[in-house]
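Step one of this worksheet: look at the structure below.
Read the figures in this text as sums done on the coordinates, not as results from a lab. Everything numeric in this text was worked out from a predicted model, so none of it was measured. With ideal geometry, Cβ positions are generated from the backbone for all residues, glycine too; neighbour counts draw on all protein chains shown.
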């Protein structure tokens, strides 16, 4: 319903989906502002995500926080989509577990997402459908970027 309002009623060209248990980095909006033109220009992309699934501190180069990658996996946890993608997904949007559904090949259709080296979001949500299992074992160790990267000024 909410995405329908954003795209149908208010007629926005794009939206950032943010769950209610996310903390965002100082350059969260700067990152998306710079990545938005990439999403518009490259039809082989279907989203831009603020999340790195392999973003544990010992696994990322915090000195290279400006690095971006393409991934074939839908990272979620703060992501940008265009109205055109919503047009495609809305008729078949699931009632539950939408993030798992988004990871299915039928939705991705061989398109990629952009994701950062160092995550621009971090979840503090221990409670939820996984009852803290993934939070305690994995999610709480994801490194949140702590310095501003001027993405809109970079090539």
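Observations on the model:
- In this structure, residue 83 and residue 54 have a Cβ-Cβ separation that, at R0 = 35 Å, corresponds to a calculated FRET efficiency of about 0.70.
- Average Cα contact separation per residue, the range 2-153, under 8 Å, 6 or more apart, as relative contact order %: 39
- When each of the peptides 65-78, 33-46 is scored by the mean number of other C-beta atoms lying within 10 Å of its residues, the order from highest to lowest reads 65-78, 33-46.
- Alpha-carbon centroid distance for the pair the range 1-17 / the range 76-112, whole angstrom: 14
- Here the simple spin-label model places points 7 Å from the Cα toward Cβ, and for residue 11 and residue 90 these points are separated by 1.4 nm.
- Estimated distance in nm for a label pair at residue 40 and residue 148, the labels positioned 7 Å out from Cα along Cα-to-Cβ: 2.4
- Debye log10 I(q)/I(0) for the chain, one point scatterer per Cα, at q = 0.17 Å⁻¹: -1.04
- CD proxy at 222 nm, helix term only [per DSSP H run n ≥ 4: -39500 (n - 2.57); per residue of the chain; nearest 500]: -5500 deg cm²/dmol
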